[in-house]
Structure formats: structure tokens, C-alpha cells
Amino acid sequence: MDWLVDLFTATDSVAHIALLYAMVIAVGVLLGKIKIGGISLGVTFVLFAGILAGHIGLTGPANVLTFVQDFGLILFVFCIGLQVGPGFFESFRKGGVQLNLMAVTAILLNVAVMFACYYAFFDTSDPTTLPMMVGTMYGAVTNTPGLGAANEALTSIFGAHAPQIANGYACAYPLGVLGIIGATIAVRYICRINLKEEDEQLEAAEAANPHIKPNIMHLRVENKYMEGRTVLEVTEFLNRDVVITRLLHNGELFIPKRDTVFHVGDEIMLVCPEADHDAVIAFIGSPIEAEWSDGANTQPLVSRRITVTNPKMNGKTLGKMHFSSLYGVNITRITRQGLEMYASRNHHFQVGDKVMVVGPEDNVQRIADMMGNSVKRLKSPNIATIFIGILVGLVFGSLPIAIPGMPVPLKLGLAGGPLIVAILIGRFGYRAKLVTYTTTSANLMLREVGLTLFLASVGIKAGATFWDTVANGDGLKYVGTGFLITVIPILVVGTLARLRYKFNYYTIMGMLAGTYTDPPALAYANDACSKEAPAVGYSTVYPLSMFLRILVAQLVVLFFCHT
């Protein structure tokens, strides 16, 4: 039985480390499915399973635990950024300024509450107390890169005798995770929020977006200005995104091309954004109940949904493909990530897009061949793009930003750099010929693997000394003050975001999770909401929040901590 004992005690062996992570993650995930009062912490329970394992002596080499923790976090935030990247900048314009102002307010409140607790509950004559409070604050806001930045700054001041602020971090972290989620839930009750109404609001907003939702109409040409004018001339005069998909003239139904001439009395079928619905009707003519049949046409017409899988199509603009003039077909609708969009001439194709093509059967097949339409190809995730992005993100996150008078250069870190690069790749990757598409299931799997590895590592590392830190000295004070640092800013900012700015509750959940750079809180928000509102809120404030967390850590240490 020595082999079995070695498996659990030989901490340097690969088998022991793999076994440790497997046990912690499995137990944590299973316990996370238990609901208390209708609330489940989900994979957050992996953290507490790790603390228990570390407390009873099940651990591994510190450098291995640190590597797995950081790599898990990198993988998690990169996949989040890659998913929300295509809509990140649009969402920023629709409310990102206010969300980031809320995030900055919360960060400043974290610092204010930390100093208030420091002066109210601790011995200010001890030079190690304030550094420990900095560690406590970063445990309370669950921000590991900030802890690393503070450690670097402390080393520049104290040298080899720098305080071990990780103990304060370990004390505050568990209740920090619970406090973020608990305070977020408290905001729901303070503001009397009905989750069903919030879901309906998101669905209504998505359905009512007049700029992306296509509107299909059958109209009779009644405007005499259109007599004898071509499709190109009319669409240019309208100066709106309009796709004429079919035209009925003298009983003949066909696909109009750019040089097709209109006549008064023609019946047309067109697609336009809902925002242009009234203007198009006013210009062309009255809506009709069409009684067309493909039998009226001399050539067979088909409508077919095609999936873009050819990497060569990545980034190409619909207007420059000339599908109508060259092939006699029209693309009327485009679906991406489950969202149906209007086929604007300025639309950039991305691998994974699904397009509705209308036209002669032979030409539709040519378009299908051009676009790939090989669903099997999409089943293989684009691993190269993921790791190229992580590579660039790590370089970007490690870039030192020197500020005069400060001995420690600022860095975005292991999480901030990859997240920002992932967002940029998700939005502009096609310009570098990068295929950014991954199936939803593959993206979720990578995110969950990264998150559980991160939580397990933090729990195992904190568990070894957690009880001694809590039971001896000021441990309990660090736990209590950390909880105040966590909760008070969330209650203030969350309530303000709801009552003053009227944000959807799920967006607020994501914003608070991003402000605290807390993946478990985002995981909880994602479990509560089937839409992408939490992820968008998270990614909107995360880059600025990560930068400010790191900046504040170094500023507080350099300006207020001294030997």
C-alpha cells in the first residue's frame, strides 16, 4: 500500500499534483450544484474545496500552484474577451462610459474603506500594518495581479524584510468571494428587482434593436420617380441599406440585379433595417399581400442558409463581393453568435457567420462553395489564434509603463494584457487574417477549465496557513475589515447604477464582477442569466479596472507605506 500513500503524500510528483487538482475540482463542482435558498455558488465552491485540501496538508510545490493559477486565469479571461470582442466597442458606446465611471467609483471606495478601517481598528504605529491592509484589500477584491504589484512595490521599500501581505490576502479572499456575490444579491433586494422582468427587458431590447433586426416587406412600386431607374440608382438615392431580393414584372418573378430597371406597378420583396421601415415605404409605395410562387419564374429560385467556414472570407466586406451583379444572388440575413443581423454592405464576414442566400440554385451553390459551408471544419477550434493571442497578450501585459518618481513600473499583468488583446482580436482579428471563431461549447469548456484551475490553486495555497492566520494575531480583524472593504462599495455603486442610471440588473452584476476582477462572481452572474449581458458588463469595465487596481496598489504602497 506504499504506492497509495506516496500518491497522496509525495507532493513533488506529477501524479500527486494531478490527483490533487482532480479531487479539489470534482468535489468543488459537485458541492457547487447544491442550492441553499435557491442560490447556488456553482464552480465557486472549488475555492473552498481547495482551502480544505490545503488545510489538511494536501498541497503541491508553490511554483507549480502559482503557474496553474495564473495560466487558468489567463485562459479564462482570454476566452471571455474573444467571445465579447466583436460587440465590445458598440456596447461601450451604449453605456460603457457610465459603467466605467461606476467602476472607478467602486475602486476609490475600496481604498477609502480600507483606510477608514486601518485608522479605526489597527495600531497605526506598526509599519507592517498598512501593508497587511493592502493585502487584505486585494483579497477582499479578489485581485491577484494587484497583490503581485503591491509585493513588488513593498520589496522596493523594505527589501528582503518586506511584510508577507499574502496572509492578509488569504484572510480576506474567501469572504471576498462570498461578499461580492452576497452584496450583489443584496442590491437586488434593496432595489426590489424582479429577475423575470430583467430577462424580459433584455429580450425586448434585443428584439427591438432597429439597426440589426431585418425587416422583410412586399411593396408595390408607386413612385413615378422610380420609373426607368435602375436598382443601383434607387438604392443610392435612398442612401439606406436596402436589399431587393425579388421583383415581379408582368407576371415574371426574378432576382433583380444592379442594372435591373423599375417600372410603376412592379411588385418587389425587400429587406431593410426596421429603423428604415417607414422611410422605405414612403419612397417606394404601399405594402401588399404578395401571392407569388416560384412557378411564375423561368428559373428555379432557392433560399439557402450557408455557413462561412472558408478562412479566405474572413474580414471581406459584403458590398465588395458583388454577389448580385456577378452571381445574381442576394444575401438577405446574417446570423452571428445566435444574433440575426441585417446584411449591410459594410458587414465584415467572419468565420462562423451564417448567411441566408436567395437566388438561382446553381449560383447559390457557387456561393456556398466560395464560403466553405463545411460545418465539420468549425468543429475544430482555432488553437493557433488562441495561443497567438495569449502570446501577444502576455507581452503586452508585461510591458512596463514608467511614471516619473515611482521606482516600480506599472504593468497590466497576466490577466489585463491577454483580455485586452483578446477583445481586439475578436473585433479586428480578420485584418490580420486571424480566424477567431470557436464553437460556443469549445469556448465555454476552455473558460470553465481555466476558472476551476484558478480557483483550485488559490484555495490550496490559502488553505495551508489560513486557519493560523485567522486564529492568531489580527487575523479576525483582517477577515472582518476585508468583508467591509468588499461589501460597502458594492452596495453603494450597485444601488447607484440601478436607481440613477437604470442599468439592467444582469449588466450590473457583470459590471461589479469586472470591477472586482472576480471570475467566480461572473460565473455566478452567467449562471443566473442566459444572455450575454453579464459578460458584456464584465468586459466593458475589466480593462480599466485591472489597470487601476494595479496602479492603486503601487501608489498606496509607494506613498503611504514606509519603513
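The values are calculated or read from the model by the stated rules, or taken from the named source; none is laboratory data. Not measured: the values here are computed from a predicted model. We place every Cβ from the backbone using ideal geometry, glycine too, and count neighbours over all the protein chains shown. Please note that ligands, DNA and RNA were not included when accessible areas were found on the heavy atoms of the full protein model with its side chains. Shrake-Rupley method; radii C 1.70, N 1.55, O 1.52, S 1.80 Å.
General remarks:
- Among the residues of region 440-497, those identified as hydrophobic (A, V, I, L, M, F, W, C), open to solvent by 50 Å² or more (accessible area, probe 1.4 Å) and modelled with pLDDT under 80 are LEU444, ALA464, TRP467, ALA471.
- Those residues of region 100-132 which are aliphatic (A, V, I, L, M) and in contact (Cβ under 8 Å) with a residue 12 or more places away in the chain, in sequence order: MET102, ALA103, VAL104, ALA106, ILE107, LEU109, VAL111, VAL113, MET114, LEU130, MET132
- Test: residue in region 376-387 that is assigned to a loop (DSSP other than H, G, I, E, B), modelled with pLDDT under 70 and either open to solvent by less than 70 Å² (accessible area, probe 1.4 Å) or β-branched (Val, Ile, Thr) (or both): yes
- Region 118-170 - residue that is small (Gly, Ala, Ser) and out of contact with any helix residue (DSSP H, G or I) (no Cβ under 9 Å at 6 or more places or on another chain) and, of those, modelled with the lowest pLDDT: ALA160
- The residue that is least open to solvent (accessible area, probe 1.4 Å), counting only those in region 6-35 that are over 20 Å from PHE454 (Cβ atoms) and under 27 Å from the mean Cα position of the chain (by Cα), is ILE34.
- Only residues that are buried (at least 23 other Cβ atoms within 10 Å of the Cβ) and assigned to a helix (DSSP H, G or I) were counted in region 118-143, giving 10.
- Scan region 177-211 for residues that are among the aliphatic types (A, V, I, L, M), surrounded by fewer than 17 Cβ atoms within 10 Å (Cβ to Cβ) and either at pLDDT below 90 or within 25 Å of GLU274 (Cα to Cα) (or both) and the total you get is 5.
- The residue that is nearest to THR335 (Cα to Cα), among those in region 350-367 that are surrounded by 19 or more Cβ atoms within 10 Å (Cβ to Cβ) and more than 27 Å from the chain's Cα centre (by Cα), is MET356.
Per-residue answers, yes or no, for (1) among the acidic types (Asp, Glu); (2) under 17 Å from GLY285 (Cβ atoms); (3) not in a loop (DSSP other than H, G, I, E, B):
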| position | (1), (2), (3) |
| --- | --- |
| HIS218 | no, yes, yes |
| GLU222 | yes, yes, no |
| GLY228 | no, yes, no |
| GLU233 | yes, yes, yes |
| PHE237 | no, yes, yes |
| ARG246 | no, yes, yes |
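- Complete set of residues in region 521-543 that are open to solvent by less than 10 Å² (accessible area, probe 1.4 Å) and modelled with pLDDT under 75: SER539
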